[in-house]
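Here is the structure we will look at, set down as C-alpha coordinates.
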Amino acid sequence: MARKKLVAGNWKMNTTLGEAKSLAAAVAAGSTASAADVAVCVPYPWLIPVAESLRGSKVGLGAQNCSSHKSGAYTGEVSTGMLLEAGCRYVIVGHSERRHGLGETDAVVNAKAKAALAAGLRTIFCVGELLAEREAKQTEAVLERQIRHGLRDLPTDRLANLVVAYEPFWAIGTGKVATPEQAQEAHAFIRKEVSTLLGGTLAGSLPILYGGSVTAENAASLFARPDVDGGLVGGASLKADSFLKIVGAA
Ligand code: 13P
(Lines give C-alpha, C1' and ligand atoms only; values in the text may rest on other atoms or scores of the structure.)
Protein backbone atom coordinates (compact mmCIF):
# COMPACT_ATOMS: atom_id res chain seq x y z
CA MET A 1 0.00 0.00 0.00
CA ALA A 2 1.42 3.35 -1.01
CA ARG A 3 1.47 5.71 1.94
CA LYS A 4 2.49 9.34 1.69
CA LYS A 5 5.63 9.97 3.68
CA LEU A 6 5.77 12.54 6.48
CA VAL A 7 8.84 14.23 7.91
CA ALA A 8 8.20 16.17 11.12
CA GLY A 9 10.74 18.23 13.00
CA ASN A 10 10.49 18.25 16.79
CA TRP A 11 12.35 21.34 17.93
CA LYS A 12 11.85 20.40 21.61
CA MET A 13 12.79 23.26 24.00
CA ASN A 14 15.14 24.94 21.54
CA THR A 15 15.38 28.16 19.49
CA THR A 16 14.98 31.83 20.28
CA LEU A 17 12.07 33.58 18.62
CA GLY A 18 14.36 34.98 15.95
CA GLU A 19 15.89 31.57 15.27
CA ALA A 20 12.44 29.97 15.14
CA LYS A 21 11.14 32.41 12.56
CA SER A 22 14.15 32.15 10.28
CA LEU A 23 14.34 28.35 10.59
CA ALA A 24 10.63 28.06 9.73
CA ALA A 25 11.01 30.41 6.77
CA ALA A 26 13.97 28.40 5.45
CA VAL A 27 12.10 25.10 5.85
CA ALA A 28 9.07 26.60 4.10
CA ALA A 29 11.18 27.87 1.20
CA GLY A 30 13.06 24.58 0.84
CA SER A 31 10.02 22.27 0.99
CA THR A 32 8.02 23.56 -1.96
CA ALA A 33 8.93 20.66 -4.25
CA SER A 34 8.74 17.95 -1.59
CA ALA A 35 6.70 14.87 -2.40
CA ALA A 36 6.37 14.17 1.32
CA ASP A 37 4.26 15.95 3.92
CA VAL A 38 6.41 18.22 6.10
CA ALA A 39 5.72 19.62 9.58
CA VAL A 40 7.56 21.48 12.34
CA CYS A 41 6.55 21.03 15.98
CA VAL A 42 7.71 24.13 17.78
CA PRO A 43 7.68 25.51 21.35
CA TYR A 44 4.24 26.84 22.42
CA PRO A 45 5.13 30.55 22.53
CA TRP A 46 6.49 30.43 18.98
CA LEU A 47 3.38 28.85 17.42
CA ILE A 48 1.72 32.06 16.27
CA PRO A 49 4.83 33.81 14.90
CA VAL A 50 5.96 30.58 13.21
CA ALA A 51 2.48 30.17 11.69
CA GLU A 52 3.12 33.55 10.07
CA SER A 53 6.51 32.40 8.73
CA LEU A 54 4.88 29.27 7.26
CA ARG A 55 1.88 31.03 5.74
CA GLY A 56 1.21 29.91 2.16
CA SER A 57 3.78 27.12 2.37
CA LYS A 58 3.17 23.38 2.42
CA VAL A 59 4.78 22.98 5.85
CA GLY A 60 2.31 22.13 8.62
CA LEU A 61 2.57 23.68 12.05
CA GLY A 62 2.57 21.42 15.11
CA ALA A 63 2.80 21.52 18.89
CA GLN A 64 4.80 19.10 21.03
CA ASN A 65 2.08 18.36 23.59
CA CYS A 66 -1.50 19.24 24.51
CA SER A 67 -3.92 18.96 27.38
CA SER A 68 -6.62 16.31 27.34
CA HIS A 69 -9.03 18.89 28.81
CA LYS A 70 -11.03 21.39 26.80
CA SER A 71 -10.69 24.34 29.19
CA GLY A 72 -10.71 25.21 32.86
CA ALA A 73 -8.50 25.23 35.94
CA TYR A 74 -5.41 23.52 34.50
CA THR A 75 -2.61 25.95 35.23
CA GLY A 76 0.12 25.92 32.62
CA GLU A 77 -1.71 23.62 30.22
CA VAL A 78 -2.65 24.31 26.59
CA SER A 79 -5.84 22.94 25.00
CA THR A 80 -6.31 21.47 21.55
CA GLY A 81 -8.73 24.31 20.76
CA MET A 82 -5.96 26.82 21.51
CA LEU A 83 -3.59 24.90 19.24
CA LEU A 84 -6.09 24.98 16.39
CA GLU A 85 -6.64 28.68 16.84
CA ALA A 86 -2.88 29.24 16.84
CA GLY A 87 -2.73 27.57 13.43
CA CYS A 88 -1.69 24.01 14.33
CA ARG A 89 -2.47 21.09 12.10
CA TYR A 90 -0.28 18.61 14.06
CA VAL A 91 0.43 17.68 17.66
CA ILE A 92 2.82 15.18 19.24
CA VAL A 93 1.46 13.11 22.14
CA GLY A 94 3.27 10.66 24.40
CA HIS A 95 6.81 11.66 23.48
CA SER A 96 9.19 9.51 25.48
CA GLU A 97 10.72 12.60 27.09
CA ARG A 98 7.26 13.20 28.58
CA ARG A 99 6.56 9.55 29.38
CA HIS A 100 9.89 9.03 31.12
CA GLY A 101 10.95 12.52 32.16
CA LEU A 102 7.56 13.84 33.21
CA GLY A 103 5.77 10.67 34.25
CA GLU A 104 3.07 10.53 31.58
CA THR A 105 1.28 7.19 31.82
CA ASP A 106 -0.44 5.24 29.05
CA ALA A 107 -3.77 6.50 30.42
CA VAL A 108 -2.64 10.14 30.22
CA VAL A 109 -1.31 9.67 26.70
CA ASN A 110 -4.56 7.94 25.69
CA ALA A 111 -6.63 10.88 26.96
CA LYS A 112 -4.43 13.31 25.01
CA ALA A 113 -4.64 11.23 21.83
CA LYS A 114 -8.43 11.16 22.10
CA ALA A 115 -8.61 14.94 22.64
CA ALA A 116 -6.21 15.69 19.80
CA LEU A 117 -8.00 13.44 17.29
CA ALA A 118 -11.41 14.73 18.35
CA ALA A 119 -10.16 18.27 17.68
CA GLY A 120 -9.17 17.26 14.15
CA LEU A 121 -5.41 17.53 14.68
CA ARG A 122 -3.03 15.16 12.94
CA THR A 123 -1.87 13.31 16.03
CA ILE A 124 1.67 11.93 16.20
CA PHE A 125 1.40 9.25 18.89
CA CYS A 126 4.83 8.16 20.12
CA VAL A 127 5.88 4.74 21.36
CA GLY A 128 9.26 3.18 22.10
CA GLU A 129 11.22 1.04 24.50
CA LEU A 130 14.09 1.81 26.90
CA LEU A 131 17.50 0.24 26.35
CA ALA A 132 17.03 -2.09 29.35
CA GLU A 133 13.71 -3.23 27.89
CA ARG A 134 15.30 -3.97 24.51
CA GLU A 135 18.15 -5.86 26.18
CA ALA A 136 15.61 -7.88 28.18
CA LYS A 137 13.82 -8.72 24.89
CA GLN A 138 10.79 -6.76 26.07
CA THR A 139 10.53 -4.45 23.04
CA GLU A 140 7.41 -6.06 21.60
CA ALA A 141 5.71 -6.35 25.00
CA VAL A 142 6.33 -2.64 25.65
CA LEU A 143 5.08 -1.58 22.22
CA GLU A 144 2.02 -3.81 22.58
CA ARG A 145 1.18 -2.26 25.97
CA GLN A 146 1.70 1.31 24.74
CA ILE A 147 -0.49 0.71 21.69
CA ARG A 148 -3.29 -1.25 23.38
CA HIS A 149 -3.64 1.21 26.25
CA GLY A 150 -2.72 4.36 24.37
CA LEU A 151 -4.92 3.84 21.32
CA ARG A 152 -8.04 2.47 22.99
CA ASP A 153 -11.48 4.04 22.47
CA LEU A 154 -10.33 6.60 19.91
CA PRO A 155 -12.95 8.58 17.93
CA THR A 156 -13.42 6.18 15.01
CA ASP A 157 -14.38 8.89 12.50
CA ARG A 158 -11.06 10.69 13.07
CA LEU A 159 -8.59 7.86 12.68
CA ALA A 160 -7.35 9.09 9.30
CA ASN A 161 -5.48 11.75 11.30
CA LEU A 162 -3.56 9.21 13.37
CA VAL A 163 0.22 8.92 12.91
CA VAL A 164 2.44 6.66 15.03
CA ALA A 165 6.10 7.46 15.73
CA TYR A 166 8.43 4.67 16.84
CA GLU A 167 11.13 6.29 18.92
CA PRO A 168 13.36 3.87 20.81
CA PHE A 169 14.44 5.83 23.88
CA TRP A 170 18.06 4.68 23.55
CA ALA A 171 18.27 6.27 20.09
CA ILE A 172 16.96 9.71 21.05
CA GLY A 173 19.64 12.36 21.09
CA THR A 174 22.36 9.73 21.48
CA GLY A 175 23.66 9.41 17.92
CA LYS A 176 22.85 5.68 18.20
CA VAL A 177 20.32 5.30 15.41
CA ALA A 178 18.33 2.08 15.09
CA THR A 179 19.46 0.04 12.12
CA PRO A 180 17.01 0.00 9.20
CA GLU A 181 16.37 -3.67 10.10
CA GLN A 182 15.56 -2.83 13.73
CA ALA A 183 13.26 -0.01 12.64
CA GLN A 184 11.50 -2.16 10.03
CA GLU A 185 10.99 -4.98 12.54
CA ALA A 186 9.46 -2.63 15.14
CA HIS A 187 7.33 -0.82 12.56
CA ALA A 188 5.94 -4.08 11.15
CA PHE A 189 5.09 -5.17 14.69
CA ILE A 190 3.37 -1.83 15.39
CA ARG A 191 1.34 -2.14 12.18
CA LYS A 192 0.26 -5.65 13.16
CA GLU A 193 -0.81 -4.48 16.62
CA VAL A 194 -2.72 -1.51 15.19
CA SER A 195 -4.39 -3.88 12.75
CA THR A 196 -5.57 -6.07 15.62
CA LEU A 197 -6.85 -3.04 17.54
CA LEU A 198 -8.23 -0.78 14.81
CA GLY A 199 -8.52 -2.99 11.74
CA GLY A 200 -6.43 -3.85 8.72
CA THR A 201 -7.58 -0.99 6.50
CA LEU A 202 -6.58 1.66 9.01
CA ALA A 203 -3.30 -0.12 9.79
CA GLY A 204 -2.50 -0.36 6.09
CA SER A 205 -2.86 3.38 5.57
CA LEU A 206 -1.29 4.45 8.90
CA PRO A 207 1.94 6.46 8.59
CA ILE A 208 4.54 5.07 11.02
CA LEU A 209 7.50 7.41 11.50
CA TYR A 210 10.90 6.50 12.88
CA GLY A 211 12.53 8.85 15.39
CA GLY A 212 15.89 8.73 17.16
CA SER A 213 19.13 10.19 15.79
CA VAL A 214 17.82 10.56 12.24
CA THR A 215 20.36 12.53 10.17
CA ALA A 216 20.80 13.66 6.59
CA GLU A 217 23.19 10.72 6.20
CA ASN A 218 21.06 7.86 7.57
CA ALA A 219 17.53 9.00 6.58
CA ALA A 220 17.39 7.45 3.10
CA SER A 221 18.28 3.94 4.27
CA LEU A 222 15.64 4.12 7.03
CA PHE A 223 12.93 5.52 4.75
CA ALA A 224 13.64 2.83 2.14
CA ARG A 225 12.16 0.18 4.45
CA PRO A 226 8.60 -0.80 3.55
CA ASP A 227 7.02 0.06 6.90
CA VAL A 228 9.03 3.23 7.59
CA ASP A 229 6.85 6.09 6.38
CA GLY A 230 9.06 9.01 7.30
CA GLY A 231 10.69 10.47 10.38
CA LEU A 232 10.24 12.46 13.57
CA VAL A 233 13.46 14.41 13.74
CA GLY A 234 14.94 16.15 16.78
CA GLY A 235 18.45 17.57 16.64
CA ALA A 236 18.78 17.48 12.85
CA SER A 237 15.57 19.53 12.49
CA LEU A 238 17.23 22.56 14.11
CA LYS A 239 19.31 23.31 11.01
CA ALA A 240 17.39 23.99 7.80
CA ASP A 241 19.96 22.32 5.55
CA SER A 242 20.07 19.00 7.43
CA PHE A 243 16.29 18.94 7.90
CA LEU A 244 15.69 19.68 4.21
CA LYS A 245 18.07 16.87 3.21
CA ILE A 246 15.98 14.52 5.36
CA VAL A 247 12.80 15.85 3.70
CA GLY A 248 14.49 15.22 0.36
CA ALA A 249 15.23 11.62 1.34
CA ALA A 250 11.54 10.93 2.02
P1 13P B 1 16.91 13.21 17.95
O2 13P B 1 16.62 13.25 16.47
O3 13P B 1 17.61 14.44 18.44
O4 13P B 1 17.54 11.94 18.37
O5 13P B 1 15.47 13.27 18.67
C6 13P B 1 14.49 12.38 18.26
C7 13P B 1 13.20 12.79 18.87
O8 13P B 1 12.99 12.66 20.07
C9 13P B 1 12.20 13.38 17.98
O10 13P B 1 10.96 13.48 18.63
Item to check | From the options G173, G212, G230, G235, residue that is at pLDDT below 95 and within 13 Å of the ligand (Cβ to nearest atom) | outcome: G173
Item to check | Index of the failed condition, E129 passing every other in (1) more than 16 Å from the ligand (Cβ to nearest atom); (2) over 20 Å from L162 (Cβ atoms); (3) of a type outside the set (V, I, T) | outcome: (1)
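Residue-wise test of (1) out of contact with any Ser or Thr (no Cβ under 6 Å at 6 or more places or on another chain); (2) among the hydrophobic types (A, V, I, L, M, F, W, C).
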| residue | (1), (2) |
| --- | --- |
| G101 | yes, no |
| T105 | yes, no |
| V109 | yes, yes |
| K112 | no, no |
| A118 | yes, yes |
| E129 | no, no |
| R134 | yes, no |
| A141 | yes, yes |
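In this structure, does R158 turn out to be in contact with a Leu (Cβ under 6 Å, 6 or more places away or on another chain) and away from the ligand (no atom under 16 Å from the Cβ)? Explain how you work it out, then say what you get.
Working: in contact with a Leu (Cβ under 6 Å, 6 or more places away or on another chain): yes; away from the ligand (no atom under 16 Å from the Cβ): yes.
Taking the combined requirement at face value, the residue satisfies it.
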Item to check | Test result for A20, under 18 Å from R158 (Cα atoms) and not acidic (D, E) | outcome: no
Next on the checklist: Kindly evaluate T196 against the criterion of being part of a loop (DSSP other than H, G, I, E, B) and either open to solvent by 30 Å² or more (accessible area, probe 1.4 Å) or of a type outside the set (G, A, S) (or both).
Outcome noted: no
Checklist entry - How about the range 140-152: which of its residues are open to solvent by 20 Å² or more (accessible area, probe 1.4 Å) and either farther than 14 Å from I190 by Cα or touching a residue at least 24 places away in the same chain (Cβ under 8 Å) (or both)? => result E140, E144, R145, R148, H149, R152
Checklist outcome for this item: By residue number, the members of the range 199-222 that are open to solvent by less than 10 Å² (accessible area, probe 1.4 Å) and part of a helix (DSSP H, G or I) are A203, A219, L222
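The values are calculated or read from the model by the stated rules, or taken from the named source; none is laboratory data. From a predicted model like this one, the values you see are computed outputs, not experimental measurements. Note that each Cβ is placed from the backbone with ideal geometry, even for glycine, and that neighbours are counted across all protein chains shown. When the accessible area is computed, the model is the full protein with side chains, heavy atoms only, and any ligands, DNA or RNA have been set aside. Shrake-Rupley method; radii C 1.70, N 1.55, O 1.52, S 1.80 Å.
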